[in-house]
Every structure is written in C-alpha cells, then in structure tokens.
Amino acid sequence: MTAETVLARINVMKPWLGDEEARALAEVVASGWVAQGPKVKEFEADFSHAHQVRHAVATSSCTSALHLALVVAGVGPGDDVVVPSLSFIATANAVAYVGARPVFCDVDPATGNVTAETIHAALTLDTRAVIVVDQGGVPVDLDPIRELCNRHELTVIEDAACAVGSTYKGRPVGTGADVAVWSFHPRKILTTGEGGMLTTHRADWAARARTLREHSMSVSATDRHGSLLAPPEVYLEIGFNYRMTDLQAAVGIVQLSRLPQIVERRREIAAQYVARLSGLKGLRFVADPPYGATNFQSFWLEVLPAFPTDREGLLARLADAGISARRGIMAAHRQPAYRWRDTGNAALQHTERLTDRTLILPVFHELDASGLDRVIACIRAAAGEVGT
Ligand SMILES: *Cc1c(COP(=O)(O)O)cnc(C)c1O
C-alpha cells in the first residue's frame, strides 16, 4: 500500500461533541464553580423530564449508580440478584459490591435481553432483586418481567446504560422499573466524559441516593458553600464519593438536547446496513423488537454457519480494511472474576452463542456515506460478492 491509498481508520464509535459543549464548559470554568452544583441540578431536571420519571440523581458513572441502586433497594449479604451474564461486567460487579450473589440467567436469542422466562429459571429462595439490561440499546420486554417480580416481591433494577433514547411501548425505557441507571461514557449515546444517572419514581430512594453519593453528609456541599456560617454536618451512614461535576453536567445538558438527532442518525445508519447487507446469506442483524425501538447504541450482527467465514474471520477482514469493529457483548460467567464463583447453575446457551458469534459494526453520528460504503463493501467481499 502506498501512503496515498492508506485509508483513514473507522472507529466503532466516536462521540459527537462540538463548539456548544466547549462553550458550556468555558462558562462553568469562568463561573469558578466546577464541582457538583447548579449545572448538575439542571442536568438532573432535564434528564428526569426527558425520561418521564420523577427523580434523577447524577453520579460519577453508571457503575456507581448501579451500586447506589442496590444499596437503596436494601440488597446485601445473603441476597441473590438475578443478572444476565451477557452484559458489560459492571452489571454483575455491582451486585458483588454490596455483598450479594449475582445469579446469571440466559437471554432471548433474538434480542439478547433477559425475559420473564429466563429470569424465572434462575430464581432461588434468596432472590431479592433482578437487574434487567437494555442490551446495546434494545429495550427489554419489561411488562411480563414486572408481573413476575411483583408476584415474587422482587425489586426491578434496569441497567439502561446503553439505552438513552430507546423506547418501550412508546415511552422512554426505564420508567417501568423501580430504579434505572444510565451511562454517559463515550461508548454510549450521550457523553459527559464519564458519568451516570439514577432515576426512580420513589422520593425516598432518590433522597437516599443523593445523600449516599455525597458521603452521606446531612448538608450537601452546595448548601454548605452557599451559606456563610454553615451548620455542622452529620454523617448518617457510610457513604461514597459518587458525585458528578458541573463541568460534566454542562456538557450533558448540551448532549441531551441533541438526543433526538443522535438517535435519528443512528437509526438511519442501521437502516442502511440492513438494506444493503440483508441479501447476504448467513448474517442476522439486531432489530427493533415488536414492543419498542432501539437507539442502535450497538448495531450488532450474528455470523451464522452459512457465512463463508466465522466472526473472528470477519473481524480480521474488517481490521485489514482499517475498520475497527468489535466482538459482541461479553459473557461475565466466562471471566476469571466469576468463573470460580458460585453463581447458580443456569444453562446459558443463548448467551454463549451470542457472545461467540456476534460483532458490532461502526455506528456514530459523523459516520459519512463513504465510511459506510467501505464497511458495507468489506462485508460483501467477505461474503464472496465481488465488485460491490
Ligand atoms: C457501559 C455499561 C455499564 C457501565 O457504565 P459506566 O458509566 O462506564 O460505569 C454498565 N452496564 C452496562 C450494560 C453497560 O453497557
């Protein structure tokens, strides 16, 4: 290859950030108040409004929000929490943080999400809560899960890390859970660099999460600095430093205002992939389930035996063409951190098939027509089609 023919690398994801975010950041810097303060409050109000939920509590990450969710739900040692193995490892880790046991359940082979049936198969006498995940942005079918969990008096926590902008039966995901958590890591739909959010309809849980995120201080730092002579603070229980900063929140406010555009563009790109690749044998694409719409945080495809190469072969072809695709969602039960732990004995066959056979294609706001053409041409060539 000569220097002229070296093509620019196409990443799997690139956050859409611009002048507006830079201006918002500059304003916060100029204000002199950079830690958790008025911007965090404003971001929380915008987020709860957009997600049709009463309370939103901003955090340092989705992982810290998950930890807080389990604490406010009262989950602790001796409790079992059903979680999908097919998820980023933070889902299971948060359960371990509170001293409870993650019990892995399988997923639906079409959506990659847990269902009432797969959860039911993993219930134990000690099950106290369930963490459902809108994997890659695909909404989980919550109503039957809610019904099952109500019957067994289980708390439903929704790990909506990937699902900002996804809908379930016409409403934003997360509204049907007891508590939902969200991520603003750059790999997700909206970004604040690092950051997360906890949402709930329960005022008592929101209030406790707010206190816990700030060392469980009886007087928040904002209020303390707002008064000349602050009252003495009391530490009500052992809390954490899980605060978001105003620098992050200012970026989040701008990002959230662009959510409809971001989701629209992602859905356009996904539609292009499907339209131009679905004629190929041996590939199956992620799609909207009948009850909702995904934001295509991850556009994944499953490489079936009818395709000329396997998943690893296709990933290598893409890498050779300068395209950075990714293996599909990991399976936590296979990781050393969990392999030797007692996590129940569920059969996880769909989880294993999906984690072994799926790959995630580049989708990001500024992926242009020529980038998309390159990805599509590479996959068509791998399928044995010439001159495409
Ligand atoms: C990314 C992700 C997390 C962790 O989010 P952070 O904000 O990086 O802590 C948790 N759960 C799922 C399903 C994720 O995809």
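The values are calculated or read from the model by the stated rules, or taken from the named source; none is laboratory data. Here the structure is a predicted model, which is why all the values come from computation and not from measurement. Please note: Cβ atoms are built from the backbone with ideal geometry, for glycine as well, and neighbour counts cover all protein chains shown. Surface accessibility is based on the protein's heavy atoms, side chains included, excluding ligands, DNA and RNA. Shrake-Rupley method; radii C 1.70, N 1.55, O 1.52, S 1.80 Å.
List of remarks:
- The Cα center of segment 195-224 and the Cα center of segment 236-300 differ in position by 26 Å.
- For segment 117-251, DSSP calls about 50 percent of its internal beta bridges antiparallel.
- Within the accessible area of segment 103-219, the carbon and sulfur atoms contribute 52%, probe 1.4 Å, all protein chains present.
- Whole-number D in µm²/s for the chain (Stokes-Einstein; Kirkwood sum over Cα pairs; 37 °C, 0.692 mPa s): 150
- Sulfur and carbon atoms: percent of accessible area, segment 260-383 [1.4 Å]: 51
- Span from the segment 114-170 Cα centroid across to the segment 6-47 one, whole angstrom: 31
- A protection proxy built from the mean count of other Cβ atoms within 10 Å ranks the segments 330-336, 111-117, most packed first, as 111-117, 330-336.
- Packing rank of 261-274, 149-162, where each peptide gets the mean count of other beta carbons within 10 Å, highest leading: 149-162, 261-274
- Each Cα pair under 8 Å and six or more residues apart adds its sequence gap; the mean of these over the residue count of segment 149-250 is a relative contact order of 19 percent.
- Listed values for segment 58-74 are Karplus-derived 3J(HN,Hα) couplings in whole Hz (6.51 cos²θ - 1.76 cosθ + 1.60, θ = phi - 60°), namely 6, 9, 6, 6, 6, 4, 5, 5, 4, 4, 4, 4, 5, 5, 5, 7, x, and x replaces Gly and Pro.
- For segment 260-383: accessible area per residue (Å², 1.4 Å): 45
- Backbone N within segment 19-39 under 15 Å of label point (7 Å from Ser257 Cα along the Cβ vector): 19-28, 39
- Linear extension gain, Leu228 paired with Lys169, 0.36 nm per residue minus alpha-carbon span: 16.3 nm
- CD proxy at 222 nm, helix term only [per DSSP H run n ≥ 4: -39500 (n - 2.57); per residue of the chain; nearest 500]: -11000 deg cm²/dmol
- Beta bridge orientation in the chain: antiparallel %, DSSP, nearest 5: 60
- In degrees, nearest ten, helix 19-31 long axis to first principal axis of the chain (Cα): 20
- Per residue accessible area in Å² of segment 19-258, where ligands, DNA and RNA are left out and the probe is 1.4 Å: 39
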